[in-house]
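Heads up, the thing below is written out as structure tokens.
The values are calculated or read from the model by the stated rules, or taken from the named source; none is laboratory data. This one's a predicted model, so the numbers in the text were calculated from it and none came from an experiment. As a convention, Cβ positions derive from the backbone with ideal geometry for all residues, glycine included, and neighbour counts pool all protein chains shown. Surface areas here come from the heavy atoms of the whole protein model, side chains and all, with no ligands, DNA or RNA. Shrake-Rupley method; radii C 1.70, N 1.55, O 1.52, S 1.80 Å.
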Amino acid sequence: MNNDTIFALSSAPGKSGVAVIRISGNDLSKLFKHIINKKKPESRHAYFTNLKDDNGDLIDQCIAIYFNAPYSFTGEDIIEIHSHGSPAVINKIFEFLRINGCRIANRGEFSRRAFYNNKMDLTDVDGLIALLDAKTDKQRQNALRSLTGRDSIVYNNWRESMIEISAYSAAILDYADDELPKNIDKKILNKTKKLLEEIKSSLSQSRASRAIQNGFNIVLVGKTNVGKSSIFNKLVGSNRAIVSDIAGTTRDVVSQQIDIDGYLVNLSDTAGIRQSRNKIEKIGIERTHNEIENADLILYVYNEMPRELKTDGITIINKSDLLKSKTSKRVIYTSVKNNTGFDKLLKTIKEKMHELMGNGESKLAINERTYELLNESVSELQNALDKYDGNYDIFAEHVRRAGDAIGKILGVITTNEIADMTFQRLCLGK
Ligand SMILES: Nc1nc2c(ncn2[C@@H]2O[C@H](COP(=O)(O)OP(=O)(O)OP(=O)(O)O)[C@@H](O)[C@H]2O)c(=O)[nH]1
Ligand SMILES: [Mg+2]
């Protein structure tokens, strides 16, 4: 690995109150003394300094902090310079650093160094990426769980069990029966089954985890003119979708991200469903059906009590201002005109989301990468059990591969490709 000294702006680019520039490298004590103009600086101490260029001209008044290795984010020496957040100041400090032998960092390079110095494993990096992307409170909580290493503990335990199982299987091949613990073969099989169930159950909760990350898909469907677009606008809080009394107003899917109870929600308004000869409307209706397929929750909108209630979503009777009788407990009556029923609707949506997500308390923060590898691990364990015929040779090999898949999740077993893909997703300065 390259150990040259790198730097990057760690705060947001552009004008800001304070900018944070981070520098990481092998031995930065000399550079730090130069920055603060003192002979014996202390680590983790905030120094006020008049930062000067090599001609002695003032660049800016800054705060500078030195974190000595390995007690830093990257595990190397780190210097943080807190300057005024002006593009001109930042450029001048960058120039100063270049003159002093540093180079600008690549995307994700700080985290890459932290990874290679065993400060983070890949699930921690996944957590960091998710935290930087987090828009809602649930996303923040989920990301932090992964970032602070809770997921790593689960994965490490699984991997250790798999290594143990394949070691025992190998022992059965090498030792005579009376030299081995009693019932070892039964124990091995039971342990493998238990492990398989545990990983499978985590995978089954992955929908919640992924819905937290990518958003929960809620779709408004119903016949034309029932007020879907009006409800959509009400929920997003703006006149995003066109509303009119002409049936068949909405043709395309109109989507907007909103925050409901800390969850990211992708709310979609769709074309009203009816028999239509119009080519464009027909395409719109087709799109409505696609949205229904991808939905986590469907809001069925009517203007009067339907003969049969759908069981897989929430039923809304809109335009309740025009209704005389509003007695059913199984539907929600709304009126966009009178602004009634929306508190109840939101409350019901929240309840449904909690129900479907199991309170969002999925054990692991599963993303696309970890999802694939967990599936790989499950199919190897399944293979080990399915193909078991009293011979531990093949069994041990499948369990070993299952363990390798978990190792790849952690990055203990890593190909450059996996690491590259992960770090590329980070921004500059991380
Ligand atoms: N009285 C009354 N009228 C409403 C209510 N909600 C919507 N409308 C009216 O009903 C008409 C249709 O509303 P939209 O929101 O465009 O209906 P839609 O279901 O999106 O219709 P399509 O896009 O054609 O499928 C408009 O004239 C709205 O102003 C309501 O609660 N009460
Ligand atoms: Mg509409």
Can you name the residue in the stretch 307-331 that is outside any helix (DSSP H, G or I) and modelled with pLDDT of 95 or more and is also most open to solvent (accessible area, probe 1.4 Å) among such residues?
319
Which members of the stretch 224-252 meet the condition of being touching a Ser or Thr at 6+ places or on another chain (Cβ under 7 Å), within 20 Å of residue 302 (Cβ to Cβ) and either open to solvent by 30 Å² or more (accessible area, probe 1.4 Å) or in the same structural domain as residue 141 (by TED's automatic domain parsing) (or both)?
243, 247, 249
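Condition check ((1) in a helix (DSSP H, G or I); (2) free of Cβ contacts under 8 Å to residues at least 40 places away in the same chain; (3) of a type outside the set (Gly, Ala, Ser); (4) not assigned by TED's automatic domain parsing to the domain that holds residue 226) across all residues:
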{"site": "274", "(1), (2), (3), (4)": "no, no, yes, no"}
{"site": "286", "(1), (2), (3), (4)": "yes, yes, yes, no"}
{"site": "291", "(1), (2), (3), (4)": "yes, no, yes, no"}
{"site": "299", "(1), (2), (3), (4)": "no, no, yes, no"}
Any residue at all in the stretch 351-363 that's more than 30 Å from residue 144 (Cβ to Cβ), touching a residue at least 12 places away in the same chain (Cβ under 8 Å) and open to solvent by less than 50 Å² (accessible area, probe 1.4 Å)?
no
Test: residue 43 is in contact with a Pro (Cβ under 8 Å, 6 or more places away or on another chain) and among the polar types (S, T, N, Q)
no
Which one is farthest from residue 337 (Cα to Cα), of the residues in the stretch 209-223 that are open to solvent by less than 10 Å² (accessible area, probe 1.4 Å) and within 14 Å of ligand 1 (Cβ to nearest atom)?
219
Kindly indicate whether any position in the stretch 88-99 is polar (S, T, N, Q), under 16 Å from residue 8 (Cβ atoms) and open to solvent by 10 Å² or more (accessible area, probe 1.4 Å).
yes
Looking only at the stretch 227-245, and only at residues there that are within 10 Å of ligand 2 (Cβ to nearest atom) and assigned to a loop (DSSP other than H, G, I, E, B), the one that is modelled with the highest pLDDT:
227
Within the stretch 212-222, how many residues turn out to be out of contact with any helix residue (DSSP H, G or I) (no Cβ under 6 Å at 6 or more places or on another chain) and either part of a helix (DSSP H, G or I) or farther than 30 Å from residue 257 by Cβ (or both)?
2
Would you point out the residue of the stretch 246-265, among those that are under 17 Å from residue 345 (Cβ atoms) and not in a loop (DSSP other than H, G, I, E, B), that is nearest to the chain's Cα centre (by Cα)?
263
Residue check, residue 84 against (1) in a strand (DSSP E or B); (2) open to solvent by 80 Å² or more (accessible area, probe 1.4 Å); (3) more than 16 Å from residue 11 (Cα to Cα), all met but one. Which one?
(3)
Do we have any residue at all in the stretch 273-283 that's within 13 Å of ligand 2 (Cβ to nearest atom) and closer than 26 Å to residue 136 by Cβ?
no
For the stretch 228-240, pairs from a residue that is more than 8 Å from ligand 1 (Cβ to nearest atom) to a residue that is among the aliphatic types (A, V, I, L, M), with Cβ under 7 Å and 6 or more apart or across chains, are 234/336; 235/258; 235/267; 236/258; 236/267; 240/254
When you go through 201, 206 one by one, which is the residue that is more than 15 Å from ligand 2 (Cβ to nearest atom), within 29 Å of the chain's Cα centre (by Cα), among the small types (Gly, Ala, Ser) and buried (at least 19 other Cβ atoms within 10 Å of the Cβ)?
206
What pairs come up if the first residue lies in the stretch 319-346 and is assigned by TED's automatic domain parsing to the domain that holds residue 306 and within 16 Å of ligand 2 (Cβ to nearest atom), the second is open to solvent by less than 50 Å² (accessible area, probe 1.4 Å) and part of a strand (DSSP E or B), and their beta carbons are under 8 Å apart, counting only those six or more places apart or on different chains?
319/335; 334/316; 334/317
The lone exception for residue 120 - which of (1) open to solvent by less than 60 Å² (accessible area, probe 1.4 Å); (2) assigned to a helix (DSSP H, G or I) it fails
(2)
Suppose we filter 242, 246, 298, 283 for residues that are in contact with a strand residue (DSSP E or B) (Cβ under 9 Å, 6 or more places away or on another chain) and over 24 Å from residue 333 (Cβ atoms); which single one remains?
242
So is residue 218 in contact (Cβ under 8 Å) with a residue 24 or more places away in the chain and more than 10 Å from ligand 2 (Cβ to nearest atom) or not?
yes
Within the stretch 182-194, is there a residue that is within 30 Å of residue 255 (Cβ to Cβ) and open to solvent by 30 Å² or more (accessible area, probe 1.4 Å)?
no
